[in-house]
Structure formats: C-alpha cells, structure tokens
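The values are calculated or read from the model by the stated rules, or taken from the named source; none is laboratory data. If you're wondering where the values come from, they're calculated on a predicted model, not measured in any experiment. Backbone-built Cβ (ideal geometry, glycine too); neighbour counts: all protein chains shown.
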Amino acid sequence: MLFRPVGISALIGSSSLAQADQVPSEIRLFAATVLRFGNGARKRFGREPSRLRLRSGYTQQSLGAKIGVSKTHVSNLERGERAIAHEDLLAADEALDAQGRLIDLWDELTGSGRMAWLVEISRMIRESVAIYDFQSLVFPSYLQIEDYARALIRYGAPWLSADQMEEKVAARMDQARAVIDAGTPRVFCVVDETVLWRRYESVDITRAQLAHVVSLVEQGRVSMQIIPAQSKRHPGNSGAFTVLTGPQSPDVVFAESVHEGQTITAHDDVAGYRMLYGSLQAEAAPTGETLRMLRDEMRKLENDHE
C-alpha cells in the first residue's frame, strides 16, 4: 500500500454525516464516499477488479463465493453499476492478491486528498528499481546541487523563514545523496531544453548545476535526454511527472506541486503516463546530443561570466 488518508475531513469535507460523532468513523467514511462516487468513477474502479480477477483465474461466481457476495454483485461492481462496501473492498483486495492496489484506487477515485509526503516519496524512490522523470522547469530534486536547490526553494516558496528554507534544502540534499550514491534505482530523465536557459540565482550556480548533471551522465549514473525547445511535436505540455517502478509492486505515478503531491495508481492511468513518457523519449535528443547541448550551454555561461 502507498498512502493512507490523513483524516476523515480530507475525504468527506463538511458533510453533516461526517460530523455526527455518534456514527462510527468507518460508516461515516463509507457513506460519504458513496454519495460522491459517480458513475464514471465507479466504471473506472470496476475495470481493475475485473482485470485482477481474470489474471487470478476466478470467475465472477467463484470470486463472489470467496468474498461472501453473489455473482450478480460482482458483475455489478465490475460494470460500475454499484459502489463497493468497505468490507468487500478489503476482502476483494486480499482475495485478488492486489497488495493494497484496490484500496489505493478507491481512495484515489473517491477524492481522498492524500498528501504525498516527502518522507514517503523519498522512501519510494530509494526502493524503486527505476525512475522515469520528466521536468519542464528545473532539474529533478535528486539531481540538484545545494546552491541550486536553495535558490529554487527561496524564490519558489517566499513565505518560508530562513530556518525553514535551510531545513528543506538539507532534506533535499539528503534525498539526492541517498539516490545518487546508491547503485539503484536506475534514473531516466527527460527535461525540456528551457531548463538549461534558466539562471536561478546566478550564472555561477547555473553552470555548477549543469556541470554536476554532465558528470552524472558521463558516469552512467543517469540517463538524460533533452527535448529541443523548438520541437513541433512536444508531448510534455501536461506538466512534470515521475513514474516509479518497484521490484514487485505495480508502477506508481507521482505528480508534484508546490504544496502537495498526487499519486496515481489506477492501472489505465499509469499506463497512459508510461505511454506519454515513451513519447517524450522519442521526441528528445539522444544522450550524445544531450551532452553536447549541456556543454554548449556551459560555454555560453563562461562567456557571460567573462
């Protein structure tokens, strides 16, 4: 399992049912989410237990017997004709050996508002076999040098105090060292060419950041490709994202904003992001050309400095 809700209010807002203290929390949670779980979301959810059931060799009748419901009940769930009860969700996840996938998908589709906390994301990255990252504004956090990270945090979160900023910088550097110093995960990164042109804080800091990336690519620790800014078929217009591939668990997509992160675990959605990443790689320059672009930008910075 990945992320659990941080509280019932995050899932069901100001519903009067949720505020009824005499009602057990599990019932309040289920009742409120059923009210919000529309037909489209039910159909999206239903495709996943159907896929897992077929993979496991169950018929609808045998799965129903396993979790204590009728064949018709299973059929209705898979077709999105009805929402799933909390106890049935837990039973189906166990019976289909989904390892929390169904529970995570339910949380995602019913608007759980799960926060992708830095510590959990850092753990997931460290335990991954491979990272597939696309960035359009900055280099990924685990490839950043300290001064570059400090500049991004200073200007990207101006409400932070000096102490808070330094805490975030230190946490980011710890994450970067944990990833880069280890042999795994493999890191595949596609960045927009405009990332090279951004002068965060100073020319010297930008040049040092580019030199750090060049070194990692030359060592083979990171596979990087740059999409030319003039590309007429640039597929990266939906924002930055990261696909994490675990040793045994299904792939997870992480999309980050300044305040929080979103995890995406639904099979079809993750497959879509993998296809999008493939499109980004196809449009990007190969590694040799990418290194040339990085070195050319470093030379421009040297001339600017002079």
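At pLDDT 85 or above and within 21 Å of residue 267 (Cβ to Cβ): does that describe residue 91? Even if it seems obvious, please write down each step before you answer.
On the way: at pLDDT 85 or above: yes; within 21 Å of residue 267 (Cβ to Cβ): yes.
When the stated conditions are applied, residue 91 passes them.
Does region 197-205 contain at least one residue that is among the hydroxyl-bearing types (Ser, Thr, Tyr), loosely packed, with under 15 Cβ neighbours inside 10 Å, over 26 Å from residue 301 (Cα atoms) and more than 23 Å from the chain's Cα centre (by Cα)? It would help to see each step written out before you state the result.
To start, the set of residues in region 197-205 that are among the hydroxyl-bearing types (Ser, Thr, Tyr) comprises 200, 202.
In the following step, the residues that additionally are loosely packed, with under 15 Cβ neighbours inside 10 Å were identified as 202.
Checking the rest, the ones that are also over 26 Å from residue 301 (Cα atoms) come to none.
Checked against the condition, which is being among the hydroxyl-bearing types (Ser, Thr, Tyr), loosely packed, with under 15 Cβ neighbours inside 10 Å, over 26 Å from residue 301 (Cα atoms) and more than 23 Å from the chain's Cα centre (by Cα), region 197-205 yields no hits at all.
May I ask you to list pairs of residues, at least six apart or on different chains, whose Cβ atoms are under 7 Å apart, with the first in region 61-74 being at negative phi and the second being among the basic types (Lys, Arg) and surrounded by 14 or more Cβ atoms within 10 Å (Cβ to Cβ)?
These pairs meet every condition: 61/71; 63/53; 64/71.
Return only the number of the condition from (1) surrounded by fewer than 17 Cβ atoms within 10 Å (Cβ to Cβ); (2) without any contact (Cβ under 8 Å) to a residue 60 or more places away in the chain; (3) hydrophobic (A, V, I, L, M, F, W, C) that residue 253 does not satisfy.
The failed condition is (1).
Which of the numbered conditions does residue 282 fail, given that it passes all the others? Conditions: (1) touching a strand residue (DSSP E or B) at 6+ places or on another chain (Cβ under 6 Å); (2) at pLDDT 85 or above.
Of (1) touching a strand residue (DSSP E or B) at 6+ places or on another chain (Cβ under 6 Å); (2) at pLDDT 85 or above, only one is false for residue 282: (1).
Within region 47-104, which helices (runs of 4 or more DSSP H) (wholly inside it) include 1 or more residues that are basic (Lys, Arg) and outside the structural domain of residue 263 (by TED's automatic domain parsing)? Working first, answer last.
Values: elements: 60-67, 71-78, 86-95.
It comes to 60-67, 71-78.
Is region 231-241 home to any residue that is in a strand (DSSP E or B) and either of a type in the set (Ser, Thr, Tyr) or more than 20 Å from residue 126 (Cα to Cα) (or both)? Outline the logic, then answer.
Looking only at region 231-241, we keep the residues that are in a strand (DSSP E or B), and these are 241.
From what's left, either of a type in the set (Ser, Thr, Tyr) or more than 20 Å from residue 126 (Cα to Cα) (or both): none.
Looking through region 231-241, none of the residues is in a strand (DSSP E or B) and either of a type in the set (Ser, Thr, Tyr) or more than 20 Å from residue 126 (Cα to Cα) (or both).
Is it the case that residue 187 is exposed (fewer than 15 other Cβ atoms within 10 Å of the Cβ), on the phi < 0 side of the Ramachandran plot and in contact with a strand residue (DSSP E or B) (Cβ under 6 Å, 6 or more places away or on another chain)? Can you show your working first?
On the way: exposed (fewer than 15 other Cβ atoms within 10 Å of the Cβ): no; on the phi < 0 side of the Ramachandran plot: yes; in contact with a strand residue (DSSP E or B) (Cβ under 6 Å, 6 or more places away or on another chain): yes.
In short, no.
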